[in-house]
Amino acid sequence: MKIHHAILASGLIAFARPALSHDEEKHEKKPDRPTSVDEKAFGREGDPKKASRTMNIQMSDKMRFTPAELIVKQGETVRFYAKNAGQVMHEMVLGTMEELKEHSAMMQKHAGMEHDEPYMAHVAPGKTEIMVWQFTEAGEFYYGCLVPGHFEAGMIGKVKVAAKSARASRHTESATFGNSGDSASRASESPAQVAEGEIRKVDRDAKKITIKHGPLDKLEMPAMTMVFQVRDVALLKTVKAGDRVKFEAEKISGAFVVTKIEPVQ
Ligand SMILES: [Cu+2]
């Protein structure tokens with residue numbers, strides 16, 4: 001009877017699909033995970049309701065953040081009010097020093113590129129943008145402005161995350177970006193790249209679509225959430241935010257353009 005019960009019970013569990021344990025979750029290849037589960041070396045998107053602190057960060061045309069150093073506790077969720085006190089565009093992008101340097105190099109290389117991740121705030125002159133971030137790992141991280149030239153001019157700040165316990169288990173993601181062996185004499189046009197991704201935003205008026213995608217080798221682009229343009233707005237008719245899609249993208253005169261897109265089941 002006991003054996004019978006066990007089988008029955010496991011059968012029921014499989015059917016009812018309750019909350020999965022961590023171990024099971026890893027094996028479950030669910031492509032449409034919510035943003036908040038995306039774990040970076042420096043934390044993850046924070047739940048605004050759980051923000052325990054608010055920090056005001058001011059950005060100026062002197063290429064400085066004020067304050068330029070923050071101390072937070074591991075596990076803490078911080079609501080950042082990023083204020084642009086200058087006359088030009090600035091941004092506050094969180095990351096490891098390595099990631100910020102890569103990002104900065106990429107921004108130099110692809111000047112027309114726009115991307116949109118939960119750990120970045122693009123702030124127009126005079127405006128304030130809100131970003132909520134949870135610092136899940138202890139260590140030293142940074143925030144930089146990746147508008148071309150700004151990071152290089154010293155527009156960078158440091159976040160010290162104090163460890164909650166002695167445990168220090170930090171996974172450093174290997175940097176796959178930047179194949180410097182690649183021919184540098186490539187024209188602005190790229191070969192078409194076919195990829196899969198998840199739609200984050202559809203803006204028909206601006207003819208733009210935001211897609212979270214994996215590495216796009218042909219466009220020399222690492223995995224990120226990126227804003228693409230479309231030529232024909234009709235392309236956006238069949239898709240909406242949250243959809244898994246297969247798409248084709250090209251770099252056309254410096255802009256990243258989606259030329260084909262279709263939902264995948
Ligand atoms: Cu800036």
Among the lysines, which have Cα under 18 Å from the Cα of Lys240 when same-chain residues fewer than 8 positions away are ignored? Lys201, Lys207, Lys208, Lys212, Lys260
J(HN,Hα) series, the range 139-145, from Karplus relation 6.51 cos²θ - 1.76 cosθ + 1.60, nearest Hz, glycine and proline x: x, 10, 10, 9, 9, x, 9
In whole Hz, with x marking every Gly and Pro, tabulate ³J(HN,Hα) for the range 215-221 from phi via Karplus 6.51 cos²θ - 1.76 cosθ + 1.60, θ = phi - 60°. x, 10, 4, 5, 9, 6, 10
Residue by residue through the range 246-260, what is 3J(HN,Hα) from phi via Karplus (6.51 cos²θ - 1.76 cosθ + 1.60, θ = phi - 60°)? Round to whole Hz and write x for glycine and proline. 10, 9, 10, 10, 9, 9, 10, 6, x, 9, 8, 10, 8, 9, 9
Residue farthest toward the positive end of the dipole of the range 205-265, with Cβ of Lys/Arg at +1 and Asp/Glu at -1: which of Thr238, Met226, Thr210? Thr238
Can you list residues whose amide H is under 5 Å from Asp116's amide H, if they're 5+ apart or on another chain and H is modeled 1.01 Å from N? Thr225, Met226, Val227
Between Ser190 and residues 5 or more places away or on another chain, which pairs have amide H atoms under 5 Å apart, with H built 1.01 Å from N, and which residues are they? Lys251
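May I ask you to order 251-263, 93-105 by the average number of other C-beta atoms within 10 Å around their residues, highest value first?
Values: 251-263: 16.3, 93-105: 19.2.
In decreasing order of mean packing, 251-263, 93-105 become 93-105, 251-263.
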Determine, for each peptide in 134-142, 232-240, 73-81, the mean count of other beta carbons within 10 angstrom over its residues, then list the peptides with the highest first. 134-142, 73-81, 232-240
Going Cα to Cα from Lys62, which lysines come in below 29 Å? Please leave out same-chain ones fewer than 8 positions away. Lys83, Lys101, Lys109, Lys127, Lys158, Lys160
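Coordinate-derived values only; no laboratory data. Every value quoted in this text rests on a predicted model; they were computed, and no experiment measured them. So basically every Cβ, Gly included, is an ideal-geometry build from the backbone, and we count neighbours across all protein chains shown.
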